Amino acid sequence: MTRSARRPHCFLNVAVSLDGKVASVARELPSFPSAEDRRVMDQIRARSDAILVGGGTLRAADFPLRIRSRALQVRRLASGRPEQPLNVLLSASLRVPLTGRFFSARDVKRLVVTSSAAPKRLRERIRGSAEVLAWKGRWVSLRRLMNELHRRGVRELLLEGGGATNFEFFRQGLVDEIYMTLCPLIIGGAGSPTPVDGAGFPPELFQRYLLVAMKRVRSEIYLHYRRD
């Protein structure tokens, strides 16, 4: 499939258990990835111009999407890029923690993309800490969002969930690469979130990717896929 020149290159990064879960059924902040996984995550984040999450992810884990490594920050600055990627929140309803860590971090620029159906009082409440795009209708068009990010200079977009948001990106054929860490544990639970939830695909629409790299570090496996 030929990727449109009018949208960023989009790549997903996720750590999963052996049974394909990203958190428990209670959706607590996952603690199972190792220090090595966090180091790799930093490298992947450093590649990006922007990092996007959905409202559900922010409700489960309220924190800014930062590069922790000072060396990686300095390398970005030396190349003429901002120290931290733009943080993009996609939430049609704005039912998110508006006074938490995500919105209070001073070293991160934020863009909130929502719909005109979100309460105006919530949109106005966050305008002091983030730029807000409120588009007409009840839903946010991902194609329009990708075009807007491209217009703003975002060429590399990192997708960090959650499952419902990821599904919509896959459904519209917008995910070009996948970085996945396979972690050595079982979480279980029919209701535990996975990297891609949503309505799911029928067999004829299964999304296919090619394995381009694999690395083992102790009991974790690091996988890198590209669109078939």
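What follows draws every value from the coordinates through simple rules; no lab data is involved. Every value quoted in this text rests on a predicted model; they were computed, and no experiment measured them. So basically every Cβ, Gly included, is an ideal-geometry build from the backbone, and we count neighbours across all protein chains shown.
A few notes on this one:
- This model, with +1 at the C-beta of Lys and Arg and -1 at the C-beta of Asp and Glu, gives the range 38-119 a dipole about its Cα centre of some 300 debye.
- Its relative contact order, with pairs defined as Cα atoms under 8 Å and 6+ residues apart, puts the range 1-85 at 25 percent.
- Once both labels are positioned 7 Å from their Cα atoms along Cα-to-Cβ, the gap between Ser24 and Ala190 label points is 2.0 nm.
- Share antiparallel - DSSP beta bridges, the chain, percent rounded to 5: 35 percent
- Positive-end ranking of Leu122, Ser192, Thr181 along the dipole of the range 121-228, with charges on Cβ about the Cα centre, is headed by Leu122.
- Range in the chain, longest, excluding exposed trypsin sites (Lys or Arg not before Pro) [loop by DSSP; at most 16 other beta-carbon atoms within 10 Å]: 7-67
- Gyration tensor (alpha-carbon) shape descriptor, the chain, a/c threshold 1.5: rounded
- Every helix of 4 or more DSSP H residues in the chain counts as -39500 (n - 2.57), and over all residues that averages to -7000 deg cm²/dmol at 222 nm.
- Spacing of the two label points (7 Å from each Cα toward its C-beta) at Thr99 and Arg59, in nm: 1.9 nm
- Cα radius of gyration and Dmax for the range 7-119 (Å): 14.9, 43
- Whole-number percent relative contact order across the chain, with pairs defined as alpha carbons under 8 Å at least 6 apart: 30 percent
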